[in-house]
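K.L.:
Handing you this structure, nothing more for now.
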Amino acid sequence: MQTLIQNLIASGAFGKNPPRDLVAAIVVFVMSLVVFLAIALPFAGIVTWVERRVWARIQSRVGPNRVGPQGFLQWLADGVKIVCKEDIVPDEADARLFKLAPFLVMLAFTLPWAVMPFSSSLILADLNVGILYMTAVTALTVVGVLMAGWASNNKWSLIGGVRSAAQIVSYEIPAGLSIFPVVLMTGTLSMQGIIRGQGWAPQHWFLFANPFTFVAANILYMSSLAEANRTPFDLPEAESELVAGFATEYSGWRYACFSMAEWGNLFIIGAIITTLFLGGWQFPHVTNNVVAMNVLELITFSVKVLFLVFLSMWIRATLPRVRIDQLMTACWKYFVPISFVNMIGTAVWVAIWPDGNVAMGYIMFAGAIALGAIFIQRVIYYLRRSQMEVYLNPTI
Amino acid sequence: MSTLRTEEMTLNMGPQHPSTHGVLRFVVRADGEVMREAIPDVGYLHRSIEKIAEKVGYRGFMPYTDRVDYVCAMFTNQGWGMVCEKLAGIEVPKRGEYCRVIAAEFNRIASHLLSVGAMAMDIGAMTPFAHVIREREMINDLIEELCGARLTFNYMRIGGVAWDLPPGWREKALKYLDHFDPILEEYNALISWNKIYIERLANVGVITPADAINYNLVGPNLRACGIKWDIRKDIPYSVYPEFEFEVPVGNGQWGKLGDSMDRYVVRIREMAESSKILRQALEKIPPGAVLAKVVRNFKPPAGECQIRVESGRGDMGWYLVSDGTGYPWRVHVRTGSFAAMGIIQKLSAGLMIADLVTLIASLDVIAPEIDR
Amino acid sequence: MSAVSEYAHNIKDTVSTIFEGMAVTASHFMRKPYTVQYPDRMPVRVQDTLPFRYRGILEVDLEICTGCLACERACPIDCIVIVADKDQQTRQLLLSQFDIDIAKCMYCGLCSEACPTGSIHHTTEFEGADYSLESLIRRFVKDPVIAYKAKKGPETDPRIAPILSRGMAYLDQWAQPGGEKPAGEEPA
Amino acid sequence: MEALQILERVKNRFGDRVLEISEKKPDPFAVIDPNAIVEVGRFMNEDPELAMDCLSNESGVDYKDRVEVVYHLFSYQHRHGAVLKVKLPRDNPSVATLEGVWKSANWMEREIFDLLGVNFEGHSDMRRILMPEDWIGHPLRKDFVEPPEYHGISTVRESPIVRLDTKKK
């Protein structure tokens, strides 16, 4: 980034002797715009289509398949439709806050992209407190959601907003605690530093470094789902109870902001987990070409993140929603204590094997494969049991 | 430590709300997430079906009975047919009774499927609902072939049923049942035994057996309280005595006896029992006519009687007063949902708002059946 | 159960049941979708796939309508209006109006059951959307027609015979009230 | 116990306050003095040999000269049932509520009040249940005439079919 600004000034594109801060501001603005428009928005859009298709398949349906090839452009059609809709502000609503809330939610969705480690050199800012920054800015959502719930002047919205606040604030704790084991092992908070602490092979990932990190990864994933208001923790917008929760009174593009942030956040969740536990962009060194290497790393990173995004869709299609008291029970009675155990356990582990235990990596990886095999066996069992060819209606 | 000052708020849930299963309204007085009371307000779907009966005559009322409970219209058909037959002393041919039982049991499965699927959806799991709707569609396809309609069947007549089983239908139905049993198991693995699901339902809305009887709860809601009572077994009608089946009752396995989970599990088990009855009925069905000879201008003798049918939502009471003319003097339907709705106010105290949704779903309340 | 083992049990139950549920949903990725892509991605018209007993929009074959008004009387909601008058000179029944308000019709099938010749019958047609209630009235009589009169023997008129046989076949399959019709299939 | 035996037992207990016992098939019933209905109800509920623990159905019938409230009682314990009736005058019919004996009476009595205009004395919540609060009249009365419109909404839809002849069906 610094070199880019230097080069730009030297090239004279901004005239002679431009103020350095101004150039930096413009560069940062343009770069963020590019990241936002080229990656974040399309991702949020496409992921809605993917989610609907995934859901549809799980539910024996076809899903949106009319707009574009296999309905791929459905998200654009939806986007155009929703933007064209009237932006209604209820009479009794607190108009200023009501209008402001979606921006805050969008802000919480856009800021994390600054430290997103796409590849070894593709990162906007490799902050030395990267992961801390990430958790801090994603928690901004709560302000926007609470604001939306309050400003709507609708009791259902308010309940949704308050639920969201309680939920996000509570789940920050297990999420934060689950980052600790990794930080303990690498000794850094920088995203790139954490990724460099792992290898490309699964047995070198922190996920399989020791039993504690494995549990920590799961807790972090669940907590992140809770923070992103995803099933089974989608209480703030529990559609069967609160209609649409904090977003009930929103319409048009303001509503689009909420849903975009929700789906965009999936990528951020995936990125955090990938960075911390799944080896990030690590790819075997196959070529000395820096560009090719970066592309390969970008692909690796994206595949891992997208798998996690897919997993969250899959979970959403499988699980029911918990109740607010059970949500709190799960957080404070299960996730938080276990996270503490993880932290202490990892600390002891690191004290015994400061450079990690290679054998443990292989054992854990083998265990994971065994688990996967059992899973596939169960899937085949259910496939065999069902006689889905019994279609009574001759039209199908 | 001073107590936290809280303010009670009044929430208006319905008449248009995603989880009210039709058009119901609740006035919820809540303190945060915890309800003080939920006062049901019904009548949004009142179509004065009892008054219509007085105007359209005995035969013409049959299609209207479909609208009393559109989720399991076979039972309302059957109830109306039975009450007229009892008053006029008409004997239904054996095959007609078998056809009734087959259609009704298929309808019971369909009704329970919708109930458990809607319950899963109210708890936030979308997939089971789509799966049960798929199964329900298959049953609807079967019933469509049988009587030409998917929802408002108008299949039964006074004195039997309108149409015999079409050719090849029996094999199709048996084939469907072979498909249905594993699907039920799969459904259980997906949702029923899910820990989150159990946690949401167990110990919620506990009804004691005494309360259940006093509030006149019927059907699965009553059985979930541990009372082994099924009209099909205890006041046998039609050809039910010829079949072997169990009456599932709640046992409080997951929490307290008579909680939402018990009601849910009773419905799941009843589907398996219905499947058993269907297999027997499809095997045993005798030849013969399906409809007794009834004069076209049907006029039962003056008098009154009441019958009870075990519908998908439990004991449905039909009370008919005839004055000997071609039009009923008075028809009254006592439905399961109406009684179930009456107990919600009592149960709601101290529950959470999210629990109200599951409570309504677990009592399997269908709005048109309340309001008629 | 002690607190600790209950704690462990809860975690185990949660994990194992979620595992099982995920297996079920995963198996659905490998199954065919069940939905029908109505209306344009089906090999045949959906109307052609509907069962014979399907109760769609009513249709009247005036050629075999006897003008007996049985359907009008059977209809619980009076959506059928028939005007049939005896012509004073020819002593024949003249049908001057046969209207069905299909906006009001509830497709119960009581009229087609009552029909002696199968003249009024349900079709498998169900797409009846229109812009006004008036346009949903089906008017079957353009000019007054003479009502059909059942002959002693079999129908001889080559124009009417096929229609009548279709109507009678319809009645057969509809198992006329009274139950005299033989069962459609052999019992087990 | 058979329905008639039950009614006999009630008759023995209450004497002439049981006005009439009809043995008409299929459902025999007893007509009770309206002033005694709560007492009779409580007796039938508490008597160990009757143990009518459930009020299975309560409905009202308008017979042009009187209004009847019909109680279908049922005992889950002994699996038998009985029918009671009270006959009320058509103007201002009023009878004591059975809510204190069977909770299920609450809603069913509200329904009877709503549709037939029988007032249940001592009922905890005597409001309309199915019809709107501001509805005039009781629809299941035989002389009820439906108002042509309600709050400016027409309650009738004229049939668009015009009969060609003037003959009334």
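The values are calculated or read from the model by the stated rules, or taken from the named source; none is laboratory data. Keep in mind that this is a model prediction, so the values were computed, not measured. Backbone-built Cβ (ideal geometry, glycine too); neighbour counts: all protein chains shown.
K.L.:
So D:PRO89 clears everything in (1) surrounded by fewer than 17 Cβ atoms within 10 Å (Cβ to Cβ); (2) in contact (Cβ under 8 Å) with a residue 60 or more places away in the chain; (3) closer than 30 Å to D:ILE129 by Cα except one condition, right? Which one?
P.N.:
So D:PRO89 meets the others, but not (2).
K.L.:
Also, quick follow-up: Looking only at residues in region D:141-160 that are assigned to a loop (DSSP other than H, G, I, E, B) and of a type in the set (Val, Ile, Thr), which one is nearest to C:ILE80 (Cα to Cα)?
P.N.:
Initial filter on region D:141-160 (assigned to a loop (DSSP other than H, G, I, E, B)): D:141-148, D:151-152, D:155-160.
If we keep only those that are of a type in the set (Val, Ile, Thr) as well, we get D:145, D:155-156.
Numbers: D:VAL145: 25, D:THR155: 21, D:VAL156: 18 Å.
The selected residue is D:VAL156.
K.L.:
Restricting to region B:264-305, and then to whatever is among the β-branched types (Val, Ile, Thr) and in a loop (DSSP other than H, G, I, E, B), can you tell me which residue is surrounded by the fewest Cβ atoms within 10 Å (Cβ to Cβ)?
P.N.:
In the first step, residues of region B:264-305 are kept if they are among the β-branched types (Val, Ile, Thr); the result is B:265-266, B:268, B:277, B:285, B:290, B:294-295.
Filter once more, keeping what is in a loop (DSSP other than H, G, I, E, B): B:285, B:290, B:294-295.
Values: B:ILE285: 23, B:VAL290: 27, B:VAL294: 20, B:VAL295: 8.
Only one residue tops the list, namely B:VAL295.
K.L.:
Residues of region B:158-188 being among the aliphatic types (A, V, I, L, M) and either without any contact (Cβ under 8 Å) to a residue 60 or more places away in the chain or closer than 30 Å to B:ARG59 by Cα (or both), which ones?
P.N.:
Scanning region B:158-188 gives B:ILE158, B:VAL161, B:ALA162, B:LEU165, B:ALA173, B:ILE183.
K.L.:
If only one of B:LEU165, B:LEU177, B:LEU201, B:LEU222 is modelled with pLDDT under 85 and either under 27 Å from A:SER386 (Cα atoms) or of a type in the set (A, V, I, L, M, F, W, C) (or both), which one is it?
P.N.:
B:LEU165
K.L.:
Quick check, is B:ALA189 more than 21 Å from the chain's Cα centre (by Cα), in a helix (DSSP H, G or I) and within 14 Å of chain D (Cβ to nearest Cβ)?
P.N.:
No; evaluated as a whole, the condition is false for this residue.
K.L.:
Answer yes or no as to whether D:GLU121 is touching a residue at least 12 places away in the same chain (Cβ under 8 Å), acidic (Asp, Glu) and facing chain B (nearest Cβ under 9 Å).
P.N.:
no
K.L.:
Look at region D:55-72 and say how many of its residues are buried (at least 24 other Cβ atoms within 10 Å of the Cβ) and touching a Ser or Thr at 6+ places or on another chain (Cβ under 7 Å).
P.N.:
Adding up the residues that qualify gives 1.
K.L.:
Filter region B:258-283 for residues that are touching a Leu at 6+ places or on another chain (Cβ under 7 Å) and small (Gly, Ala, Ser) and give the result.
P.N.:
B:SER260, B:ALA272, B:SER275 - these are the residues of region B:258-283 that are touching a Leu at 6+ places or on another chain (Cβ under 7 Å) and small (Gly, Ala, Ser).
K.L.:
Moving on to the next point. Just checking, which of A:THR287, A:THR274, A:THR231 is under 30 Å from B:ALA125 (Cβ atoms), of a type in the set (Ser, Thr, Tyr) and not in a helix (DSSP H, G or I)?
P.N.:
Numbers: A:THR287 fails: under 30 Å from B:ALA125 (Cβ atoms); A:THR274 fails: not in a helix (DSSP H, G or I).
The unique qualifying residue is A:THR231.
K.L.:
Please verify whether B:ASN216 is under 22 Å from the mean Cα position of the chain (by Cα), within 12 Å of B:GLY250 (Cα to Cα) and of a type in the set (S, T, N, Q), treating the condition exactly as stated. Reasoning before the result, please.
P.N.:
Values: under 22 Å from the mean Cα position of the chain (by Cα): yes; within 12 Å of B:GLY250 (Cα to Cα): no; of a type in the set (S, T, N, Q): yes.
No, not satisfied.
Here is a yes/no grid of residues against (1) exposed (fewer than 13 other Cβ atoms within 10 Å of the Cβ); (2) within 14 Å of chain B (Cβ to nearest Cβ); (3) under 23 Å from C:PRO51 (Cβ atoms):
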site	(1), (2), (3)
C:ILE102	no, no, yes
C:GLY118	no, no, yes
C:ASP130	yes, no, no
C:ILE137	no, no, no
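K.L.:
Related question: Can you tell me which residue in region B:306-317 is farthest from the other protein chains (Cβ to nearest Cβ), limited to those that are part of a strand (DSSP E or B) and over 19 Å from B:GLU97 (Cβ atoms)?
P.N.:
Within region B:306-317, the first condition is being part of a strand (DSSP E or B), and the residues that meet it are B:306-311, B:314-317.
Among the residues that remain, those that are also over 19 Å from B:GLU97 (Cβ atoms) are: B:306, B:314-315, B:317.
Working: B:GLN306: 6, B:GLY314: 11, B:ASP315: 8, B:GLY317: 5 Å.
Across region B:306-317, the extreme among qualifying residues is B:GLY314.
K.L.:
Test D:MET131 against the stated conditions and say whether it is within 16 Å of B:HIS46 (Cα to Cα) and not polar (S, T, N, Q). Lay out the reasoning, then the answer.
P.N.:
Values: within 16 Å of B:HIS46 (Cα to Cα): yes; not polar (S, T, N, Q): yes.
In short, yes.
K.L.:
What's the number of the condition D:GLY81 fails, among (1) surrounded by fewer than 23 Cβ atoms within 10 Å (Cβ to Cβ); (2) small (Gly, Ala, Ser); (3) more than 9 Å from chain B (Cβ to nearest Cβ)?
P.N.:
Answer for D:GLY81: the failing condition is (3).
K.L.:
Which of (1) within 30 Å of A:ALA244 (Cβ to Cβ); (2) in contact (Cβ under 8 Å) with a residue 12 or more places away in the chain does B:MET126 not meet, given it meets every other one?
P.N.:
(2) is the only condition that B:MET126 fails.
K.L.:
Out of D:LEU88, D:LEU140, D:LEU116, D:LEU130, I need the residue that is under 19 Å from the mean Cα position of the chain (by Cα), hydrophobic (A, V, I, L, M, F, W, C) and more than 11 Å from chain B (Cβ to nearest Cβ). Which one? Write out each step before concluding.
P.N.:
Numbers: D:LEU140 fails: more than 11 Å from chain B (Cβ to nearest Cβ); D:LEU116 fails: more than 11 Å from chain B (Cβ to nearest Cβ); D:LEU130 fails: more than 11 Å from chain B (Cβ to nearest Cβ).
D:LEU88 is the lone residue from the list that is under 19 Å from the mean Cα position of the chain (by Cα), hydrophobic (A, V, I, L, M, F, W, C) and more than 11 Å from chain B (Cβ to nearest Cβ).
K.L.:
For region C:32-50, check the following and say yes or no: at least one residue is assigned to a strand (DSSP E or B) and surrounded by fewer than 16 Cβ atoms within 10 Å (Cβ to Cβ).
P.N.:
The answer is no, given that none of the residues of region C:32-50 is assigned to a strand (DSSP E or B) and surrounded by fewer than 16 Cβ atoms within 10 Å (Cβ to Cβ).
K.L.:
If B:GLU270 satisfies all but one of (1) within 12 Å of another protein chain (Cβ to nearest Cβ); (2) over 21 Å from B:ALA210 (Cα atoms); (3) within 15 Å of the chain's Cα centre (by Cα), what's the number of the condition it fails?
P.N.:
(1)
K.L.:
Are there any pairs with C-beta distances below 8 angstrom linking a residue in region A:244-266 that is more than 17 Å from A:LEU146 (Cα to Cα) to a residue that is polar (S, T, N, Q), with the two at least 6 apart or on different chains, and if so which?
P.N.:
A:TRP263/A:THR48; A:ASN265/A:THR138; A:ASN265/A:THR141; A:LEU266/A:SER312
K.L.:
Out of region D:146-167, which residues are closer than 24 Å to D:ARG66 by Cα and either touching a residue at least 60 places away in the same chain (Cβ under 8 Å) or within 12 Å of another protein chain (Cβ to nearest Cβ) (or both)?
P.N.:
Correct list: D:GLU146 only.
K.L.:
With respect to D:GLU109, determine if the residue is in contact (Cβ under 8 Å) with a residue 40 or more places away in the chain and either more than 13 Å from chain B (Cβ to nearest Cβ) or not in a strand (DSSP E or B) (or both).
P.N.:
Taking the combined requirement at face value, the residue satisfies it.
K.L.:
Among the numbered criteria (1) in contact with a helix residue (DSSP H, G or I) (Cβ under 7 Å, 6 or more places away or on another chain); (2) surrounded by fewer than 17 Cβ atoms within 10 Å (Cβ to Cβ); (3) within 20 Å of B:TYR155 (Cα to Cα), which single criterion is violated by B:GLU246?
P.N.:
(3)
K.L.:
Considering each of B:GLU37, B:GLU85, B:GLU105 in turn, give the residue that is surrounded by fewer than 24 Cβ atoms within 10 Å (Cβ to Cβ), assigned to a helix (DSSP H, G or I) and away from chain C (no Cβ under 12 Å).
P.N.:
Result: B:GLU85 is the single residue among B:GLU37, B:GLU85, B:GLU105 that is surrounded by fewer than 24 Cβ atoms within 10 Å (Cβ to Cβ), assigned to a helix (DSSP H, G or I) and away from chain C (no Cβ under 12 Å).
K.L.:
Does region D:120-138 contain any residue that is part of a strand (DSSP E or B) and farther than 26 Å from B:TYR327 by Cα? Steps first, answer last, please.
P.N.:
Quick first cut of region D:120-138, residues part of a strand (DSSP E or B) only: D:120-121.
Next cut, farther than 26 Å from B:TYR327 by Cα only: D:120-121.
Looking for residues that are part of a strand (DSSP E or B) and farther than 26 Å from B:TYR327 by Cα, one finds at least one in region D:120-138, hence yes.
K.L.:
Continuing with this model, one more query. Please determine, by comparing only the residues of region B:194-220 that are in contact (Cβ under 8 Å) with a residue 40 or more places away in the chain and touching a Cys at 6+ places or on another chain (Cβ under 6 Å), which one is farthest from D:TYR76 (Cα to Cα).
P.N.:
It comes out as B:ILE207.
K.L.:
Only one residue in A:PHE118, A:PHE98, A:PHE109 is crowded, with 19+ Cβ neighbours inside 10 Å, of a type outside the set (Val, Ile, Thr), part of a loop (DSSP other than H, G, I, E, B) and in contact with a helix residue (DSSP H, G or I) (Cβ under 7 Å, 6 or more places away or on another chain). Which one?
P.N.:
A:PHE118
K.L.:
Here is a further query. Give the residue that is surrounded by the fewest Cβ atoms within 10 Å (Cβ to Cβ), with candidates limited to residues of region B:108-135 that are charged (D, E, K, R) and at the interface with chain A (Cβ under 9 Å from one of its Cβ atoms).
P.N.:
B:ARG134
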